[in-house]
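Written below as structure tokens is the structure these notes are about.
Read-outs throughout are calculated quantities, based only on the coordinates presented, and are distinct from any laboratory measurement. Source: prediction; values computed, not measured. In this analysis, Cβ positions are derived from the backbone assuming ideal geometry, glycine residues included, and neighbour counts consider all displayed protein chains.
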Amino acid sequence: MSLDRRDFLRAATVGAGLALGSPRPLFGAVPAPVTSPRARRRGQAPDVVVIGAGTFGMWTALNLVRLGATVTVVDPFGPGNSRQTSGGETRGVRSSYGDRPHGMLWTRWAVEAIRRWSEWDEQGQELLLPRVFFRTGDLIMRPEMQPYLEDTSAQWDELGVPYEALGADEIRYRWPWIHTAGTTVNGETTGLVTTALYEPGAGVVRARRAIESVAKRFELEGGEIRVGRASLGDQTGGRLDGVTLEPEGNVSAGTFVYAVGPWFPKVFPELMGNRIRIPMGHVFYFAVPAGDTRFMYPNMPSYGVPGCTGWPALGPDHRGFRVRTGGRAGDDPDTSDRWIPAEHHQRPREILGQYFPALAGQPISETRACHYESSISRNFIIDRHPEMDNVWLAGGGSAEAFKQGPVLGEYIAKRVLGIEDDPELAESFKLPEEEFDPDQPRRRRPGESG
């Protein structure tokens with residue numbers, strides 16, 4: 001069954017309250033849940049198949065359904081599995097992107113995503129879905145004022161995002177357990193804090209549970225999820241006819257969206273092999289002493305210091321106080337070990353000693369190691385496959401896609417259905433012509449959070 005673009009345009013513009021050719025805001029209202037899902041006949045091919053059930057895939061699929069499409073999502077292990085980049089325990093949600101050439105766009109999208117995460121929890125109460133968003137506020141601490149802080153505050157000023165500029169005295173007054181004076185060893189001082197930006201609207205999302213809740217809403221609103229590994233099927237005249245599922249089965253459709261994250265270089269080796277890097281990020285959760293609420297939500301903000309991001313322990317599951325530092329070069333995401341070697345354990349303990357000394361001797365309660373995919377432009381990739389005009393590529397999260405999932409999914413869905421036509425925005429997300437040097441392994445940049 002082919003995708004009838006005219007039917008989609010008619011259904012989608014009516015359902016979203018838009019009129020073709022009329023001005024519309026970049027961020028319209030979140031499409032309302034479909035109360036009467038579009039019925040799918042037994043054996044009927046979907047309009048769209050989404051390959052990948054992570055942030056890009058599930059949010060896109062949900063928005064496609066809400067815009068009137070019949071959609072099937074295919075993933076080897078299902079939504080929220082531990083191999084996904086989106087399958088971790090927690091992810092930060094902030095809007096501080098002064099270090100990015102596309103920072104203004106990302107800041108606008110992140111601010112809107114924060115609003116939608118709160119709205120998601122409110123809507124989910126009726127379905128008894130677990131709470132996923134915690135508004136912690138975010139504190140970026142630095143030894144001195146620097147361009148990243150200056151450019152971030154300038155973007156916030158232009159967009160009217162609430163924030164505060166804090167000095168060390170104010171940090172100590174609000175959170176006395178944060179150490180700002182630094183530590184001097186052999187004449188070298190580390191961990192010094194003299195200035196900070198505080199974004200009160202930022203927060204943290206329980207990541208795996210969030211993806212599971214998006215999947216639940218997707219199925220309730222008429223979508224289908226199939227567990228299986230998809231490989232490219234036959235092609236006819238520059239179009240993909242379908243995908244083959246392992247262990248068995250085939251799925252045909254009019255349109256396909258590949259949202260496969262770290263698997264892009266394996267699925268499309270010639271096209272994506274040197275356009276995507278897949279480092280392995282390292283996350284540590286440190287045990288918080290029983291009864292010590294200083295390092296628990298809501299008494300502690302999420303934080304960023306040079307080379308590290310983290311946040312307080314969240315209830316009710318209480319994984320611990322989160323510290324993310326560095327990482328290592330990624331291997332094959334199908335065979336890589338998702339654990340953190342002992343030689344990487346020292347740096348997070350140094351961070352605790354420098355900024356949170358009350359936790360310096362606490363045991364590690366849990367570690368997480370996950371692949372993420374980074375594009376050479378450090379921006380998202382949302383574009384058609386150059387050789388298959390009914391195949392879309394959606395990825396290049398660069399450790400920042402999860403927080404913007406509610407906005408990304410709507411944008412991608414509208415691009416796929418032909419009702420989002422901002423050429424400047426589309427140009428910024430094009431598949432880059434430039435490629436990584438294959439002889440230079442790419443490691444995590446110090447400012448990336450995840």
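Details
- Full extension of the chain segment joining GLU343 with GLU119 gains 76.5 nm, where the gain is 0.36 nm per residue of separation less the Cα-Cα distance.
- For the chain, a Gaussian network of Cα nodes joined below 10 Å ranks LEU393, LEU417, LEU105 by mean-square fluctuation, and the top entry is LEU105.
- Fully extended contour minus Cα-Cα distance, from GLU433 to LEU127, at 0.36 nm per residue: 105.7 nm
- log10 of Debye I(q)/I(0), alpha-carbon scatterers only, for the chain at 0.09 Å⁻¹: -0.57
- Value of relative contact order over the range 233-292, rounded to a whole percent, pairs C-alpha under 8 Å and six or more apart: 15 percent
- Judged by the gyration tensor of its Cα atoms, with axes a ≥ b ≥ c, the range 391-434 is oblate; a/c meets the 1.5 cut and b/c is at least as large as a/b.
- Estimated FRET transfer efficiency (SER365, ARG226; beta-carbon r; R0 25 Å; 0.05): 0.10
- Global form of the range 61-107, assessed from the alpha-carbon gyration tensor, a/c cut-off 1.5: oblate
- Three-way shape label, the range 200-278, alpha-carbon gyration tensor, a/c 1.5: oblate
- Pairwise label distance in nanometres, GLU158 with THR293, each label 7 Å out on the Cα-Cβ vector: 4.2 nm
- When both the range 232-281 and the range 330-355 are represented by their alpha-carbon centers, they are found 30 Å apart.
- Relative contact order [Cα under 8 Å, 6+ residues apart], the range 301-443, whole percent: 18 percent
- Förster radius 51 Å - calculated FRET efficiency between VAL267 and THR194 (Cβ-Cβ, nearest 0.05): 0.60
- Per-pair calculated FRET efficiency, R0 = 35 Å: GLU248 and ARG384 via Cβ, rounded to 0.05: 0.75
- Inter-label distance for ASP421 and ARG174, nm, one decimal - labels placed 7 Å from Cα along Cα-to-Cβ: 4.6 nm
- Near GLN235, the amide H atoms lying under 5 Å from its own belong to ASP241; only residues 5 or more places off or on other chains count, and H is placed 1.01 Å from N.
- Once the Cα atoms are used to define both axes, helix 147-159 deviates from the longest principal axis of the chain by about 60 degrees.
- Whole-number percent relative contact order across the chain, with pairs defined as alpha carbons under 8 Å at least 6 apart: 21 percent
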